[in-house]
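K.L.:
First, the structure itself, so that you have it in front of you.
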Amino acid sequence: MSYLNRDSALAQAFWEKGYVEDCPIYDFHGHMHENNGCYLPAGEPEQMLHTMRRAHIDSFIFCSHLALHSAEIGERANLEPVRRYGKPLRAYLGVKSYDIDWERDRAALEENRDVYVGCKFLQDYFGVPLEDPRHTPYWEYLNEHRMLALMHTWGGSAADGADNVRRIAETYPDVRLICGHSIHGDWGSAVKLAQDFPNLYLELTAVMDERGVLERFVREAGSEKIVFGTDLPWFSTFYYVGAILEADITDEDRRNIFYRNGRRLLGETT
Amino acid sequence: MIFYDANLSYGYEMNVRRLPPAPCRTIGELAAALERCGIRGGLVRSLMADMGGVVVGNAALAADLKTVGADLYGMYTLVPSCTREIPAPEELPAVLRRDKMPVLRLNPGEHRFLTRPGVIADYLAVAEAEKIPVMLDTACGLTLDNCWDYMERFPKLTAILGYVNIWPADRYYRPFLEAFPNLRMELSHMITDQGLEELVRLYGAGRFLFASRFPSMSPGGGMLQLRCAEISEADKARIAGENLLEMIGEVLT
């Protein structure tokens with residue numbers, strides 16, 4: 001009896017141990033610490049690193065809930081875990097639209113270039129559109145330095161829906177844009193954005209709970225435009241890996257999603 | 001580990017806004033999909049019971065179950081007894097055994113009846129007494145508050161809670177596990193990192209059922225999550241299928 005997907009050699013290999021040595025995982029959508037809206041059994045750094053070791057996660061880029069939601073704590077919640085544990089952790093600086101201080105945040109980015117790969121935008125939660133003028137210095141900085149922007153994106157949102165993302169993509173062609181949740185529910189717009197902008201990638205958190213969407217993304221946007229993400233510690237890495245292994249795509253597509261695209265985005269050799 | 005999936009469906013959804021991106025129209029397609037990922041069988045509902053009607057839907061599912069090799073069991077759809085559309089409560093256990101449909105379900109949204117427990121109390125009383133599992137599924141016209149109301153009225157009911165909320169939701173569902181000892185939870189939406197391990201530690205593996213909600217969701221995610229969970233192999237086997245088979249056995253034997 002073969003499990004997960006009898007048509008995939010990679011799926012059979014993952015089934016044996018839960019990981020495959022030559023197929024590491026690059027997770028572009030992570031968080032950390034307590035969250036106001038839910039109970040997370042394993043949200044502290046040590047607990048998350050346990051999962052990362054078991055799932056062979058080579059790169060995990062996160063923005064702590066506390067950095068996003070609690071101005072009183074702010075970037076300490078990102079910096080301390082990366083400084084303490086190092087690889088595979090790196091961080092997005094949280095752009096807090098309710099507490100904007102560009103000079104403070106620019107200094108943090110400049111002083112911690114080994115920690116930050118970009119910024120995280122969570123506009124639906126803050127009620128401020130991605131392209132709001134308050135965010136302009138952040139976008140200009142990311143564009144100048146060709147850094148990453150992980151955007152929470154959701155279908156129908158007036159803050160981070162497809163139209164907001166398109167305006168950003170048109171204005172900042174050198175930012176490596178990651179559409180967290182892939183404009184969730186507005187799958188056609190997500191595909192169109194990925195087709196129209198070479199610097200824009202779709203990310204899979206909360207996408208994998210709707211069967212068939214990944215196959216559409218691969219068919220219409222290409223697996224080279226998709227990166228892996230889990231919202232860890234929200235979602236099980238193994239669940240997301242298993243859903244991708246079971247999907248009706250090729251093992252080469254899976255490798256693109258698990259690590260090849262991630263390496264390219266981070267400027268690592270492939 | 002032998003996998004049985006506790007929440008499967010097939011059929012034609014008439015509201016195109018609710019169509020899953022990759023639908024499964026026939027029981028044959030369903031059986032082929034299960035074979036592809038190594039799932040031996042499971043518990044299935046037919047969308048025909050909600051789209052066409054409860055009488056034709058229950059009959060069609062019973063007929064379809066006889067046509068496939070996969071070890072599938074049906075969910076029998078209830079409506080209030082006052083309209084005499086389906087067998088009376090005392091006649092139902094024999095019908096369930098005959099038709100290999102050992103689990104009851106309801107969809108007050110599609111079939112348009114009140115969600116107050118008294119409306120189907122006669123069926124639930126039989127279910128409680130005969131240990132017939134009742135699927136309480138928030139994808140089928142019930143809120144979580146409705147589910148609580150049913151359980152509060154019949155606290156010893158053998159129930160399966162299906163809660164559609166992909167986000168970590170322990171504060172919502174754990175009260176059910178604490179309050180109602182015969183309630184099991186299907187795991188299609190419990191995909192929190194290290195969440196299953198904690199639930200098994202707190203409530204025991206006997207309370208949980210592997211489920212995917214195929215074709216809306218992927219079976220592969222939950223399979224690998226369970227395979228890699230840091231619980232004993234015996235607990236994994238129970239969750240993968242043994243718990244469901246035990247519940248079904250109570251009705252069919």
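K.L.:
How large is log10 of I(q)/I(0) for segment B:110-179 at q = 0.20, 0.28 Å⁻¹ when the intensity is taken from the Debye formula with one equal scatterer per alpha-carbon?
P.N.:
-0.84, -1.46
K.L.:
What average count of beta carbons from other chains do you get within 10 Å of the Cβ of residues in B:194-203?
P.N.:
Whole-number average of other-chain Cβ neighbours for B:194-203 is 3.
K.L.:
Within 10 Å of each Cβ in peptide A:28-41, how many partner chain Cβ atoms are there on average? Round it to a whole number, please.
P.N.:
Partner Cβ neighbours, averaged per residue: 3.
K.L.:
In whole percent, how big is the carbon plus sulfur part of the accessible area of the protein assembly as shown, probe 1.4 Å, protein atoms only?
P.N.:
On the way: 9460 of 19520 Å².
Carbon and sulfur together cover 48 percent of it.
K.L.:
Quick check for you: with a 1.4 Å probe and neighbouring chains kept, what is the accessible area per residue of segment B:151-198, in Å²? Don't skip to the answer; put the middle values down first.
P.N.:
Details: 1690 Å² over 48 residues.
I get 35 Å² per residue for this part.
K.L.:
Can you give the FRET efficiency to the nearest 0.05 for B:S232 and B:W167, using r as the Cβ-Cβ distance and R₀ = 35 Å?
P.N.:
Computed FRET efficiency for B:S232 and B:W167 comes out at 0.80.
K.L.:
Restricting things to Cα coordinates, could you compute the convex hull volume per residue of segment A:139-236 in Å³?
P.N.:
Taking the convex hull of the Cα positions in segment A:139-236, it is 95 Å³ per residue.
K.L.:
While we're on this one: Express the C-alpha Rg of the protein assembly as shown as a ratio against the empirical globular expectation 2.2 N^0.38 Å, rounded to two decimals.
P.N.:
1.01
K.L.:
Moving on to the next point. Treating the beta-carbon of each Lys and Arg as +1 and of each Asp and Glu as -1, no other charges, what is the dipole magnitude of segment A:99-224 about its Cα centre, to the nearest 20 debye?
P.N.:
300 debye
K.L.:
If you count the DSSP beta bridges with both ends in the protein assembly as shown, what percent of them are antiparallel, to the nearest 5?
P.N.:
Approximately 5 percent, going by the DSSP bridge assignments.
K.L.:
Taking just the alpha carbons, could you work out the radius of gyration and Dmax for segment A:4-45, both in angstroms?
P.N.:
Expressed in Å, the Cα Rg and Dmax of segment A:4-45 come to 15.4, 42.
K.L.:
Can you give me the accessible area per residue for segment A:178-263, using a 1.4 Å probe, in Å²?
P.N.:
Solvent-accessible surface per residue comes out at 24 Å².
K.L.:
Could you tell me which of the pairs A:K120/A:K225; A:K192/A:K225; A:K87/B:K236 are separated by over 22 angstrom between their Cα atoms in the structure shown? Please list the in-between numbers first.
P.N.:
Numbers: A:K120/A:K225 19 Å; A:K192/A:K225 12 Å; A:K87/B:K236 32 Å.
The answer is A:K87/B:K236.
K.L.:
Additional query: How big is the B/A interface in buried accessible area, both sides summed, 1.4 Å probe, to the nearest 100 Å²? Spell out each step's value before the answer.
P.N.:
On the way: alone 11590 and 11600 Å², together 19520 Å².
That pair hides around 3700 Å² of surface in total.
K.L.:
Testing the spin-label approximation: label points 7 Å from Cα along Cα→Cβ at A:D132 and A:Y39. State their distance in nm.
P.N.:
Label-label distance for A:D132 and A:Y39, simple model: 3.3 nm.
K.L.:
When the convex hull of the Cα atoms of segment B:6-142 is projected onto a plane and the area is averaged over all directions, what value comes out in nm²?
P.N.:
8.2 nm²
K.L.:
Take every residue in peptide A:1-8, count the Cβ atoms of other chains within 10 Å of its Cβ, and give the average of those counts.
P.N.:
Mean number of neighbouring Cβ atoms from other chains: 6.
K.L.:
Counting pairs of Cα atoms in segment B:7-62, how many percent are more than 17 Å apart?
P.N.:
Of all Cα-Cα pairs in segment B:7-62, 38 percent lie more than 17 Å apart.
K.L.:
Can you give me the pair-distance distribution of segment A:13-94, C-alpha pairs, 5 Å bins, whole percents?
P.N.:
Calculated P(r), rounded to whole percents: 3, 15, 24, 24, 16, 9, 5, 2, 1, 0.
K.L.:
Using the beta-carbon distance between B:A125 and B:V56 and R0 = 25 Å, what value does 1/(1 + (r/R0)^6) give for FRET efficiency, to the nearest 0.05?
P.N.:
In this case the efficiency is close to 0.40.
K.L.:
Which loop chymotrypsin sites (Phe, Trp or Tyr not before Pro) in segment B:5-77, with loop taken from DSSP, have no more than 16 other Cβ atoms within 10 angstrom of their Cβ?
P.N.:
Qualifying residues, ordered by number: B:Y12.
K.L.:
Quickly estimate the mean residue ellipticity at 222 nm for the protein assembly as shown, helices only: each DSSP H run with n ≥ 4 gives -39500 (n - 2.57), and the total goes over all residues, rounded to 500.
P.N.:
-11000 deg cm²/dmol
K.L.:
Given 25 °C and 0.890 mPa s, how large is the Stokes-Einstein diffusion coefficient of segment B:76-252 in µm²/s, with Rh as the Kirkwood radius over Cα pairs?
P.N.:
Estimated via Stokes-Einstein, D reaches 147 µm²/s.
K.L.:
Report the label-to-label distance for B:T83 and A:Y125 in nanometres (one decimal), using points 7 Å from each Cα along the Cα→Cβ vector.
P.N.:
Placing both labels 7 Å along Cα→Cβ, they lie 4.5 nm apart.
K.L.:
What's log10 of I(q)/I(0) for segment A:1-148 at q = 0.10, 0.17, 0.18 Å⁻¹, Debye sum over Cα points only, no solvent?
P.N.:
-0.42, -0.97, -1.04
K.L.:
Computed from the mean reciprocal separation of all distinct C-alpha pairs, what Kirkwood hydrodynamic radius does chain A have, in Å?
P.N.:
Result for chain A, one decimal place: 18.5 Å.
K.L.:
Right, something else. If packing is taken as the average count of other Cβ atoms within 10 Å, what order do A:244-254, A:127-137 fall into, highest mean first?
P.N.:
Most protected by this proxy first, the peptides run A:244-254, A:127-137.
K.L.:
Mind listing, in residue-number order, the residues in segment B:165-186 that have at least 20 Å² less accessible area with every protein chain present than in their own chain alone (1.4 Å probe)?
P.N.:
B:I166, B:W167, B:P168, B:D170, B:R171
K.L.:
Cα centroid distance between segment B:200-253 and segment A:191-230, in Å?
P.N.:
Taking the Cα centre of each part, segment B:200-253 and segment A:191-230 sit 30 Å apart.
The values are calculated or read from the model by the stated rules, or taken from the named source; none is laboratory data. Predicted model only: the values in this text are computed from it and were never measured. Because the Cβ atoms are built from the backbone with ideal geometry, glycine has one as well, and the counts that use them run over all protein chains shown. Heavy atoms of the whole protein, side chains included, go into the accessibility calculation; ligands, DNA and RNA do not. Shrake-Rupley method; radii C 1.70, N 1.55, O 1.52, S 1.80 Å.
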